[in-house]
């Protein structure tokens, strides 16, 4: 029986961003994905924070039949993965993250939130807004953006993980970062890897932040190698 892996998508995206990765992983894993709250065409009226995303993972995992499972989280999905691991370590196998921003504080959160103004986005990056509209609906995409700003604001004001939280985790974690990622610092990624009892930091040479620009075969190789699977 193949091991199970759960893929967690990034902010302002859906599980569809894993279509290429899922296809490449299927020979090795029973692949599962989910869509986080506030990231669909169904309007989300609550306040989005990391606790909500952890709840999404918990509910999905309860429906899975696997005794243990691995998790791969991209960007914000990686942060949600380790937030889940903080309180749900028992069934976890290996955990891998890619392009995850770890250094959340009031200043860094404000910088991220400043880039997520729907009116400014419509004027400056219309092609990207058109993608958001196709994913979340013409009337709902701006709500998804506002949900994401609430999530980032919460992370920057005490809603995230502390160094002590990372130090208490027992799970084996691989922190991946593209060497050309301009959104995620190497220093903060290495810090998190060093705080974890079983943390490893590794760079994918030449990879930028967007998942679709990362060599999927290289990424698959990192995942199956860390999970101890032979090709």
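Bear in mind these aren't lab numbers, they're just calculated from the coordinates by the rules spelled out. Keep in mind the model is a prediction, meaning the values are calculated, not measured. FYI the Cβ positions are ideal-geometry reconstructions off the backbone, even for glycines, and counts take in every protein chain you see.
Shown here: Cα extents along the principal axes in Å, derived from the displayed model; of the candidates [x] 45, 38, 30; [y] 48, 37, 35; [z] 46, 43, 36, it corresponds to [y]. Taking all Cα pairs closer than 8 Å and separated by 6 or more residues, the relative contact order of the stretch 1-143 comes to 26 percent. Largest GNM mean-square fluctuation among 80, 130, 193, using the chain with Cα springs under 10 Å: 130. For the chain, the mean residue ellipticity at 222 nm estimated from helices alone is -13000 deg cm²/dmol, where every DSSP H run of n ≥ 4 contributes -39500 (n - 2.57) and the total is divided by all residues, rounded to the nearest 500. Of 114, 186, 85, the residue with the greatest mean-square motion in the GNM of the chain, using alpha carbon springs below 10 Å, is 114. Ordered by the count of other Cβ atoms within 10 Å of each Cβ, fewest first, 104, 135 give 135, 104.
Specify the residue with the greatest mean-square fluctuation among 200, 97, 68, computed from a Gaussian network of the chain linking alpha-carbon atoms under 10 Å apart. Highest fluctuation among the options: 68.
Arranged from fewest to most other beta-carbon atoms within 10 Å of their beta carbon, 31, 192 become 31, 192. Residues of the stretch 30-72 with amide nitrogen under 11 Å from the 7 Å Cα-to-Cβ point of residue 2? From the stretch 30-72, the list is 30-32. Quick check on the stretch 150-218: take the gyration tensor over C-alpha atoms, sort the square-rooted eigenvalues as a ≥ b ≥ c, and tell me if it's rounded (a/c under 1.5), prolate or oblate. Judged from the Cα gyration tensor, the stretch 150-218 comes out oblate (a/c at least 1.5, b/c at or above a/b). Label point of residue 203 set 7 angstrom out along Cα-Cβ; within the stretch 214-228, amide nitrogens under 20 Å from it belong to 214-223.
Protection proxy ranking of 40-46, 107-113, by the mean of other Cβ atoms within 10 Å over each peptide's residues and highest first, is 107-113, 40-46. Sorted ascending by nearby beta carbons within 10 Å, beginning with the fewest, 47, 205 become 205, 47. Calculate the FRET efficiency for residue 168 and residue 134 from the Cβ-Cβ distance with a Förster distance of 30 Å, rounded to the nearest 0.05. Working from the Cβ atoms, E equals 0.15. Can you tell me how the stretch 77-153 classifies by the Cα gyration tensor, rounded, prolate or oblate, using a/c under 1.5 as the rounded cut? Verdict is prolate for the stretch 77-153.
Using the beta-carbon distance between residue 229 and residue 107 and R0 = 45 Å, what value does 1/(1 + (r/R0)^6) give for FRET efficiency, to the nearest 0.05? Efficiency computed from Cβ-Cβ geometry: 0.65.
Overall form of the stretch 1-75: oblate. Here a/c, set by the Cα gyration tensor axes a ≥ b ≥ c, is 1.5 or more, and a/b is not larger than b/c.
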